[in-house]
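The values are calculated or read from the model by the stated rules, or taken from the named source; none is laboratory data. What you are looking at is a predicted structure, and each value in this text was computed from that prediction instead of being measured. As a convention, Cβ positions derive from the backbone with ideal geometry for all residues, glycine included, and neighbour counts pool all protein chains shown. For the accessible areas, the whole protein counts, side chains as well, though only heavy atoms, and no ligand, DNA or RNA atoms are used. Shrake-Rupley method; radii C 1.70, N 1.55, O 1.52, S 1.80 Å.
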Amino acid sequence: NSCESPVKSVKLTINSTAVPPVVADKESCYGSATPILTATGTNIKWYSSSNLSTLVNTGTNFTTGKTNPGAYTYYLTQTTLCGLSAADSVTLTIHSLPSVPVTASQSVCATGTIPALSATGNNIKWYSDSLRTALIGTGSNYNSGMTNAGTYNYYATQTNPTTGCQSPSTKATLSLYAPSKPTASDKSICFGSPVPDLIALGNNVRWYGDSLKTNMIHTGDTLSTGVTAAGSYTYFVTQTSSGDGCESPVKSVKLNFNSSASAPVTQNQE
């Protein structure tokens, strides 16, 4: 019926030479897994020299075995129907790690103001362990929130903003110390008996009228309360280290001033 079909395109490509294989540079940080170099092409060969004199691998993937910091360049070709391609280069870069940040340990009284730990460096991260499994803070300063006496270790790193490589960790120690509470005993008396002094054994003893230590009422081992009315009276006593001036937590001491016992109930008999 003489009907003509739609057209179908057919291409004839005549390449002057084979093109190099497709490959991309790779980067990693020292201590991390070294990436595998991967190329796309046919019958790929890898060389360690630009004159293609030293063949180091064949195939699509190339595991270099490099682990030390440095830039490693390789040259690769492919062979197609058009023959051997020109060589292309690819670079594996293993970046050095930044140095550890500069930190300063702190040692203070547990009952005073607890300072923040500080580190100097780029993109500081804080961890609770040297293996960096638990991230607990970021930034130059870290407030631990600790108030009890003891020694607390933290670990800081810095990260290179250009390469993204993280440094090893360095330790910063927060030492909170406090002397123990002084030794003191409660006292109980009956009304009409002599009022005993309260006695505390310690160093540089201080007596307070409240547990927050806002009202110091006496210094020295012996406190004469001066109370005369029956009742229960509570005082708070501390001791202070002579060398560093660190004051202990408070110990409460009670003076129980009991009223006179009432007369017994009797009944006359006839």
| query | If you compute mean projected area of the Cα convex hull in nm² for the structure shown, which of (i) 16.8; (ii) 40.7; (iii) 21.4 do you land on? | reply | (ii)
| For the chain, what is the accessible area per residue in Å² when the probe is 1.4 Å? | 61
| query | So what is the relative contact order of the range 105-153, in percent, for Cα pairs below 8 Å that sit 6 or more residues apart? | reply | 39
| note | Across Ser259, Ser48, Ser167, the residue with the highest GNM fluctuation in the chain (Cα network, 10 Å cutoff) is Ser259
| message | For the pair Val227/Thr13, report the inter-label distance in nm, with labels modelled 7 Å from Cα in the Cβ direction. | response | 10.1
| task | Sticking with the crude label model, points 7 Å out along Cα→Cβ, report the distance from Tyr30 to Arg132 in nm, one decimal please. | result | 1.4
| field | Distance between modelled label sites at Cys82 and Glu270, nm, 7 Å Cα→Cβ extension | value | 14.3
| request: Only residues of the range 172-191 count here: report those whose backbone N is under 18 Å from the spot 7 Å along Cα→Cβ of Thr113, or say none. | output: 175-177
| note | Filtered pair list for the chain (Lys only, Cα < 27 Å, 8 or more apart or interchain) has a length of 13
